[in-house]
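Inspection log for the structure reproduced underneath, given as structure tokens.
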Amino acid sequence: MRSRQRMFAAVMRLLLKCLRLGRRRRFRLLRQLEQLWHYGHLCLRSLLYNSFTNGDVVLDSLFEPVYWLVDHVTRWFGVVFVALVIGLTSSIVAIVYICLLPLILQTYTPAWICWHLAYGHWNLIMIVFHYYMAITTSPGHPPQAKNDLTGVSICRKCIAPKPARTHHCSICNRCVLKMDHHCPWLNNCVGHYNHRYFFSFCLFMTMGCIYCSVSGWDMFRDAYAAIERMKLLEKERLQVAANQTYYQTPPPTFTFRQRAFHKSVVYLWVLCSSVALALGALTLWHAALITRGETSIERHINRKERQRLQKKGKVSRAHGTGAGWGRARRDVPLPVLQVFRNPYSYGSWDNWKVFLGVDVPRHWLTRVLLPSPHLPHGTGLSWDLPPCVTDQRAPLLAI
């Protein structure tokens with residue numbers, strides 16, 4: 001009995017030693033894995049740490065492959081988009097001349113005929129002229145050689161001087177003077193030398209689409225009702241043909257010319273109304289930017305800068321052009337807070353005059369209401385005060 005008990009105790013001691021040894025090895029392995037994890041995390045933070053990193057930077061980094069894909073797709077599909085604009089516009093013009101113009105000449109009064117002929121052709125000329133100038137005019141690029149311009153920086157991608165209001169276009173792979181955006185419908189960047197052409201094209205195209213939608217509303221309703229009647233008669237004709245006897249004849253059908261006419265009118269009204277809504281919203285957006293003297297890129301930059309200065313308490317949250325004293329009590333003055341102001345804004349009216357190139361009153365006719373290839377103020381390299389600005393303030397440069 002004692003020998004058996006000693007043997008059992010020895011076996012139990014051996015098992016306990018094995019369990020302790022396995023537990024120590026397991027703990028040692030976990031401790032080593034934990035140390036490796038902390039070491040790798042420290043190395044990663046040491047290599048990638050940046051005090052300026054925030055959520056926006058991380059999000060931009062994650063979406064970088066998407067940006068690359070969009071840039072390359074936009075670059076290759078620009079010609080397709082231009083062909084689409086020309087094709088759709090040409091189809092609307094063809095429908096107006098073939099289908100609507102004969103009807104207008106037969107049914108309208110001479111006064112309304114003169115109005116439609118004058119306004120329609122003027123609007124068409126303005127659309128064609130500004131679209132052609134927008135796609136063929138270079139937006140302007142800074143010189144690659146060194147120059148004596150003050151307040152310029154160096155583009156990190158071009159490794160060349162980058163004047164104020166200049167930005168790099170990843171699609172064109174060049175810096176653009178006063179860049180607003182890259183427009184795939186133009187297959188060109190919108191910059192200093194063709195910004196006016198782009199906005200004028202959007203404005204006159206919207207006006208033309210609204211004109212077609214309003215003028216063709218009654219025709220659209222009649223054409224839509226005729227198409228519904230055609231569908232109903234076609235259904236009746238098929239039913240009669242299925243149960244046709246010698247004493248029954250199928251109802252008359254519309255001719256191919258009538259079908260094409262009604263469907264063309266519906267196509268014209270739907271397309272013009274859709275373009276008027278979409279392009280009208282874009283035109284209003286750019287009109288607001290021009291009123292503030294900003295581009296699409298500068299609006300984003302100015303908003304970020306305003307928020308940064310507001311967090312530091314250097315500017316007030318009011319949107320104005322002055323600074324003043326506030327008083328919590330009558331005898332305790334609060335610190336003066338400056339109001340953030342866009343350095344390239346000369347006031348709403350003067351911003352429009354500078355953008356359109358209106359120096360004298362007659363330019364509203366010769367440069368705005370008629371096709372004009374005049375150049376914008378300045379060269380896009382420096383931003384001196386234009387002569388048409390009424391408020392003679394000292395010019396400001398962007399940092």
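Below, the figures for the structure above:
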{"read-out": "Residue check, residue 213 modelled with pLDDT of 90 or more, in a loop (DSSP other than H, G, I, E, B) and of a type in the set (Ser, Thr, Tyr)", "value": "no"}
{"read-out": "Residue list for the range 284-302, restricted to those being in a helix (DSSP H, G or I) and within 14 Å of residue 345 (Cβ to Cβ)", "value": "288, 289, 290, 291, 292, 298, 299, 301, 302"}
{"read-out": "The range 348-370, residues that are surrounded by fewer than 16 Cβ atoms within 10 Å (Cβ to Cβ) and assigned to a loop (DSSP other than H, G, I, E, B)", "value": "359, 360, 361, 362, 369, 370"}
{"read-out": "Options 111, 118; residue that is more than 28 Å from the chain's Cα centre (by Cα), closer than 16 Å to residue 211 by Cα, loosely packed, with under 15 Cβ neighbours inside 10 Å and not aromatic (Phe, Trp, Tyr)", "value": "118"}
{"read-out": "The range 82-104 residues that are more than 13 Å from residue 261 (Cβ to Cβ), paired with ones that are crowded, with 16+ Cβ neighbours inside 10 Å and not hydrophobic (A, V, I, L, M, F, W, C) (beta carbon under 7 Å, 6 or more apart)", "value": "82/187; 104/116"}
{"read-out": "Qualifying residue in the range 182-203 (condition: in a helix (DSSP H, G or I), in contact (Cβ under 8 Å) with a residue 24 or more places away in the chain, touching a Phe, Trp or Tyr at 6+ places or on another chain (Cβ under 7 Å) and of a type in the set (S, T, N, Q))", "value": "no"}
{"read-out": "Filter result (hydroxyl-bearing (Ser, Thr, Tyr) and loosely packed, with under 12 Cβ neighbours inside 10 Å) within the range 84-108", "value": "90, 97, 107"}
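Results for (1) modelled with pLDDT of 85 or more; (2) buried (at least 18 other Cβ atoms within 10 Å of the Cβ), shown as yes or no for each residue.
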site: 183; (1), (2): yes, yes
site: 192; (1), (2): yes, yes
site: 203; (1), (2): yes, yes
site: 225; (1), (2): yes, no
site: 248; (1), (2): no, no
site: 253; (1), (2): no, no
site: 262; (1), (2): yes, yes
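The values are calculated or read from the model by the stated rules, or taken from the named source; none is laboratory data. A quick note: this is a predicted structure, and the numbers were derived from the prediction, not measured. Neighbour counts run over all protein chains shown; Cβ positions are idealised from the backbone, glycine included.
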